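Asks: The structure that follows is given in the form of structure tokens.
The values are calculated or read from the model by the stated rules, or taken from the named source; none is laboratory data. This is a predicted model, so every value here is computed, not measured. Cβ coordinates were reconstructed from backbone atoms using ideal geometry, including for glycine residues, and neighbour counts include every protein chain displayed.
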Amino acid sequence: MLNQDSCKTDIESRECERQLSTLSPFELKNKLIELAEEDARRSTATFLNAGRGNPNWISTIPREAFFLLGKWALTECSRVYSDPIGISGSPSKRGCADRFTTFLDDNASEPGADLLKDTLAYVVARGGDADEIANEWADGIIGDHYPTPDRILKYTELIVRDYLAQEMGGHADPDTPLFDLFAVEGGTAGMCYVFDSMQENKLVKKGDKMALMTPIFTPYIEIPNLDRFSFDVINISANKVEKNGYHDWQYPDEEIDKLRDPSIKVLCLVNPSNPPSYTLSKHTIDRLVSIVKNDNPNLMIVTDDVYGTFVKNFRSLMYELPENTMTVYSFSKYFGATGWRLAVIAINRNNVFDKMIADLPHSEKDFLNRRYGSLALDPEKIKFIDRMVADSRMVALNHTAGLSTPQQIQMSLFAAMCLLDKKDTYKQKMQSIITDRLDALWSTTGFTLLPDPLRAGYYSEIDIMVWAKKFYGEDFAKYLEDNYESIDFVIKLANQTAVVLLNGDGFDGPEWSVRASLANLDKDSYLKIGTAIRKLLDQYYETYLATKK
């Protein structure tokens, strides 16, 4: 527990910093913000928070389409019944596609009209019924019914499945594997449902071995250590430094080879990674595919691919190892939609999760049949993804499960915009925004950012110790390690320059690394942050030189 009194007198004392280093980076962030805001008040410094990865952009066209669609949906409700005190009926399906098309023609100049018209045409071309899709949109955006199907709406699934195939690298396959989707309240809810249902369905037990590809988003480190799981965690580390002294944030063969152990039941990764923000190399993917096929065929893989759209030609493990991989994809970052809480869990229709449930001992099958017995006459045949839906509402409330329908409509419009953007205009703009900010950050540090096609750049992890050695030598680097806590760098940065970054070791990165988000500030701000980073490193060196005198 943090001793507040010891930190009041000197926040930069080693005693205080040792206590602060026990916090999650996202809890530490609150203290860093407090320090940075105070420094900005007492100085001419500008408060710059590059800690959390909430983007400072929004995708406008799908939102314009959403609000225009809502306007039409209300007219559909009023057609059925209208009371002047403000009550209407539920929209009617019969003939609604014609009425919708007429509405769009009458409002052709309105923002979002083209996206709605083109999306309707796209779904019809994919075999959809025009009245069905128009009614799903009208009823869904009004939000007057529980989600039906509860896992995901019919046409939302069609649109989002196509979007995932396009953005996650599946469109190149002549026989793209077919994935079932579960719409969930953001990627974090997806994580909770995944871990919970794997344990509830006896796929993992307390104390089982689980591998993490690190550095990784902190909750993936913290969840396995909760008492209900207490997993034996095996780290697959990308903290390797190349012989010339630069990190490439890829995984040595000897690290990937740990997965040959069949007692490792689950592998979790964020791809592209958080915080280094690099996607897996083809060499690593090929090695992983070989290991699963030859050494560990029942390995359950959970991949969080939220940053995949920021890498050119991204290829998810969901299309490399479709039967073993469960994917969590969030719309939050790419579309500036963290407040919408939109994500999906995707599982291939032929998958290791269902296979392993089918192979459970009879005693465990009987237990699960009792658990899900209220949902079907033959509960043993309920798929794992549908069990997750039920588990999300403690089974007893399965009939009220599912992501709210207005959220699902907005999700489908986000996905549709990208499906219809044949020139990748939106993607190219998003990637260039991130690249420009990344270049700005590094340009004022004086550090070298090597070109790398595998880099997403949504975050940048900077290993201060690498640059301490390159600029000032091994003796200075040892001085830093001997005389300071590694967290001292982000504490001083906040306390003395009003800049907030997160400590990379909180993500199981190198001890003296820092994580900067490139999503939530403008380009000029990153120039200032880079300057502050370099200035602080030089300040340490000046103190070191003073000790030599």
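Asks: Kindly indicate which of Glu17, Glu34 is over 25 Å from the mean Cα position of the chain (by Cα), loosely packed, with under 15 Cβ neighbours inside 10 Å, in the same structural domain as Trp512 (by TED's automatic domain parsing) and not in a loop (DSSP other than H, G, I, E, B).
Replies: Glu34
Asks: Would you mind stating whether Ser82 is assigned by TED's automatic domain parsing to the domain that holds Ala113 and surrounded by 15 or more Cβ atoms within 10 Å (Cβ to Cβ)?
Replies: Taking the combined requirement at face value, the residue does not satisfy it.
Asks: OK, next. Tell me, which residue of segment 388-420 that is of a type in the set (A, V, I, L, M, F, W, C), assigned by TED's automatic domain parsing to the domain that holds Ile345 and in a helix (DSSP H, G or I) is farthest from the chain's Cα centre (by Cα)?
Replies: Among those residues, the one meeting the criterion is Ala390.
Asks: How many residues are modelled with pLDDT under 90 and not in a loop (DSSP other than H, G, I, E, B) if we restrict to segment 42-76?
Replies: Number satisfying all stated conditions: 1.
Asks: Let me spell it out: the conditions are (1) modelled with pLDDT under 95; (2) under 15 Å from Met411 (Cβ atoms); (3) among the small types (Gly, Ala, Ser), and Gly140 meets all of them except one. Which number is the exception?
Replies: (1)
Asks: Using the structure shown, decide if Glu12 is without any contact (Cβ under 8 Å) to a residue 24 or more places away in the chain and either under 30 Å from Ser525 (Cβ atoms) or part of a helix (DSSP H, G or I) (or both).
Replies: Taking the combined requirement at face value, the residue does not satisfy it.
Asks: Six or more apart or on different chains, Cβ under 6 Å: which pairs go from a residue in segment 246-270 that's over 21 Å from Val311 (Cα atoms) to one that's assigned to a helix (DSSP H, G or I) and of a type in the set (Lys, Arg)? Could you list them?
Replies: That search, which allows pairs on different chains as well, returns Ile256/Arg287.
Asks: Right, something else. Kindly indicate which of Leu74, Leu68 is surrounded by 12 or more Cβ atoms within 10 Å (Cβ to Cβ), among the aliphatic types (A, V, I, L, M) and touching a residue at least 60 places away in the same chain (Cβ under 8 Å).
Replies: Leu74 is the lone residue from the list that is surrounded by 12 or more Cβ atoms within 10 Å (Cβ to Cβ), among the aliphatic types (A, V, I, L, M) and touching a residue at least 60 places away in the same chain (Cβ under 8 Å).
Asks: Any idea which of Asn483, Asn495 is surrounded by fewer than 17 Cβ atoms within 10 Å (Cβ to Cβ), closer than 20 Å to Ser21 by Cα and out of contact with any Gly (no Cβ under 8 Å at 6 or more places or on another chain)?
Replies: Asn483
Asks: When the residues of segment 97-142 are filtered to those that are within 18 Å of Ile159 (Cβ to Cβ) and of a type in the set (Val, Ile, Thr), which remaining residue is farthest from the chain's Cα centre (by Cα)?
Replies: Of everything passing the filter in segment 97-142, Val124 is farthest from the chain's Cα centre (by Cα).
Asks: Any idea which of Gly506, Gly457, Gly446 is buried (at least 22 other Cβ atoms within 10 Å of the Cβ), of a type in the set (Gly, Ala, Ser), in contact (Cβ under 8 Å) with a residue 40 or more places away in the chain and not in a helix (DSSP H, G or I)?
Replies: Gly457
Asks: Is it the case, given these coordinates, that Ser363 is under 29 Å from Pro297 (Cβ atoms), touching a helix residue (DSSP H, G or I) at 6+ places or on another chain (Cβ under 6 Å), at pLDDT 95 or above and small (Gly, Ala, Ser)?
Replies: No.
Asks: Sticking with this structure for a sec: Have a look at Ser404, Ser374 and point out the one that is surrounded by fewer than 22 Cβ atoms within 10 Å (Cβ to Cβ) and under 21 Å from Tyr155 (Cα atoms).
Replies: When all the criteria are applied, what remains is Ser404.
Asks: Something else about it: For the structure I just gave you, tell me whether Glu15 is closer than 30 Å to Ala498 by Cβ and in contact with a Phe, Trp or Tyr (Cβ under 6 Å, 6 or more places away or on another chain).
Replies: So Glu15 does not fit the description; no.
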